[in-house]
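Chemist: Dropping a structure here in structure tokens format, bear with me for questions.
The values are calculated or read from the model by the stated rules, or taken from the named source; none is laboratory data. This structure is a prediction, so every number in the text was calculated from the model and none was measured. All Cβ positions, glycine included, derive from the backbone under ideal geometry; neighbour counts span all protein chains shown. Ligands, DNA and RNA are stripped out before the accessible areas are found, and what is left, the full protein with its side chains, is counted by its heavy atoms. Shrake-Rupley method; radii C 1.70, N 1.55, O 1.52, S 1.80 Å.
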Amino acid sequence: MAFTGLLACLCLPAIAADPKPDASIKNASIEASVYLDDRIKADSALAADCLAEGKTWIDKNAAEAAADRKQEPDLFKDRGGYSFERKYSERSVVDGRYVSVLRDDYMDTHGAHPNSDVNTILWDTTAKKRISIRPFFTETADNGPTLTAMRKAVIAALNAEKKRRDAGETATAEWYKEMKPTLLKIGAVTLAPSTEAGKSSGLTFHYPPYAVGPYAEGQYVIFVPWETLKPYLTPEGAKIFAGARPKGDADEQQ
């Protein structure tokens with residue numbers, strides 16, 4: 001029996017240990033953690049930038065949680081502290097230089113339900129700093145031709161995706177009113193991977209719950225192919241955009 005038990009143990013698959021957070025805090029008011037994926041950690045400058053931001057986020061939420069617990073101690077006595085988690089993950093690397101990063105947040109502050117958020121970072125490994133998509137387009141003025149065309153393409157893709165999800169009743173101007181043709185209001189953006197190595201097939205826009213639809217619809221990831229924006233590309237933009245979006249990427253991002 002002992003031998004049989006030992007053999008059974010040896011045949012069990014190895015259980016991967018939970019990843020260790022790169023920054024965390026745990027006390028009576030809050031439990032919060034920040035995680036960086038291995039590809040981000042491989043770039044020391046990018047890792048340091050993300051980690052510094054993550055630690056600031058932890059400190060801000062810890063202070064707010066402590067203040068809330070002081071004001072409403074019974075709420076925390078019954079349910080414990082708030083829970084926060086932030087994950088930084090690499091989405092794509094284009095031209096060996098431009099790294100798109102997804103920043104996914106989870107928050108439970110004892111409301112009706114937990115919430116989530118998503119934002120993005122575009123990192124220039126040559127300049128070792130965050131940038132916008134501005135270098136890829138001839139102009140990015142608020143309400144200008146580039147961002148107006150971009151918003152139009154996003155809304156068309158959103159309407160199609162809402163129809164696919166049987167959520168067409170929320171494909172309305174009312175839900176899209178906060179999405180404006182400006183760099184800061186059009187949505188969190190990444191460079192989509194491509195079927196051509198080292199290139200980008202276009203832009204993906206990442207919208208958390210409530211941004212363009214009710215909470216029940218969840219997150220939207222909306223793709224705009226580079227060809228749609230071709231008239232507005234700079235030489236640098238023309239250099240990095242080519243090919244098509246891989247099917248696997250579309251499936252993964254839904």
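Chemist: When the helix-only estimate is applied to the chain (DSSP H runs of n ≥ 4, each -39,500 (n - 2.57), divided by the residue count), what is the mean residue ellipticity at 222 nm, nearest 500 deg cm²/dmol?
Modeler: -10000 deg cm²/dmol
Chemist: Which listed residue (ALA28, PRO208, PRO181) has the Cα farthest towards the positive end of the charge dipole for the chain, taking +1 on Lys and Arg C-beta and -1 on Asp and Glu C-beta about the Cα centre?
Modeler: Going by the charge dipole, the pick is PRO181.
Chemist: Evaluate the Debye formula for the stretch 184-240 with equal point scatterers sitting on the alpha carbons, no solvent, and hand back log10 of I(q)/I(0) at q = 0.28 Å⁻¹, in q order, two decimals.
Modeler: Result of the Debye calculation: -1.12.
Chemist: On to the next question. Give the calculated FRET efficiency between THR125 and GLU196 to the nearest 0.05, with a Förster radius of 22 Å applied to their Cβ-Cβ distance.
Modeler: Efficiency for this residue pair is about 0.65.
Chemist: Over every pair of different alpha-carbon atoms in the stretch 76-168, take the mean of 1/r and invert it; report that Kirkwood radius in Å.
Modeler: Averaging 1/r across every pair of different Cα atoms and inverting gives 16.8 Å.
Chemist: Calculate how many DSSP beta bridges within the chain are antiparallel, expressed in % of all such bridges and rounded to the nearest 5.
Modeler: Roughly 85 percent of the beta bridges in the chain run antiparallel, per DSSP.
Chemist: Now, a different point. Using all alpha carbons of the stretch 129-254, what is the percent of pairwise distances in each 5 Å bin, ordered from the shortest bin to the longest?
Modeler: So the P(r) values, bin by bin, are 2, 11, 21, 24, 19, 14, 7, 2, 0.
Chemist: Once ligands and nucleic acids are excluded and a 1.4 Å probe is used, how much of GLU169 is accessible, expressed in Å² to the nearest 10?
Modeler: Counting only protein heavy atoms, the figure is 130 Å².
Chemist: Same structure, new question: Counting only other residues whose beta carbon sits under 10 Å from that of LYS199, what net charge do I get with K and R as +1, D and E as -1?
Modeler: Within the 10 Å Cβ shell, the charges total -1.
Chemist: Here's a follow-up. So if I take the alpha carbon set of the chain, get Rg, then get Rh from the Kirkwood formula, what is the Rg over Rh ratio?
Modeler: Using Cα coordinates only, the ratio equals 1.04.
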